[in-house]
Amino acid sequence: MPFAPTTLTMHEAETVLAQGLQAIATGDTEIDLGALQHFDSAAVATLLAWQRAAAKLGKTLHVTQHPPGLDSLAKLYGVDQLLPR
């Protein structure tokens, strides 16, 4: 079952980051953002951290259902090409 956060702002980032890292460590390499309703730039940083963690384990992170606003934030910060898909 993919990891699927619903909120990812600076207020939840530490907890959601840890949850995602745990999921990746146990072999879950799919993150479903379809339920993500509230997010800010912390979501971009968290996705990049998850991607680095998966790569360190020799895994490829797959992120599905990117919200359009998240893609816009990533583009604003110039990292849209770095986000996992």
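What follows draws every value from the coordinates through simple rules; no lab data is involved. All values reported here derive from a predicted model rather than from experimental measurement. No Cβ is skipped: glycine too gets one built from the backbone with ideal geometry, and neighbour counts run over all protein chains shown.
What is the order of Ser41, Ser72, fewest Cβ neighbours within 10 Å to most? The partial results should precede the final answer.
On the way: Ser41 15, Ser72 11.
Listing Ser41, Ser72 from fewest to most nearby Cβ atoms yields Ser72, Ser41.
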Q: As a check on your grasp of the helix formula, calculate [θ] at 222 nm for the chain: sum -39500 (n - 2.57) over DSSP H runs of n ≥ 4, divide by the residue count, round to the nearest 500.
A: -14000 deg cm²/dmol
Q | Furthest towards positive pole of dipole, Leu33, Gln51, His11, structure part the chain, Cβ charges | A | Gln51
Q: Considering the convex hull of the alpha carbon atoms of the chain, report its projected area averaged over all viewing directions, in nm², one decimal.
A: 4.8 nm²
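Dipole magnitude of the chain about its Cα centre, charges +1 at Lys/Arg Cβ and -1 at Asp/Glu Cβ only, in debye to the nearest 20? Please report the intermediate quantities before stating the final value.
Values: 5 positive and 8 negative charges, 60 e Å.
With Lys and Arg at +1 and Asp and Glu at -1, about 280 debye.
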Q: At 7 Å along the Cα-to-beta-carbon direction for both Leu48 and Ala25, put a label point, then send me their distance in nm to one decimal.
A: 2.3 nm
Q) Which of Val63, Val44 comes first, and how do the rest follow, when ranked by fewest Cβ neighbours within 10 Å? A) Val63, Val44
Q: Take the Cα of Val79, step 7 Å along the line toward its Cβ, and report every residue of segment 1-22 whose backbone nitrogen sits under 16 Å from that point.
A: 8-18, 20-21
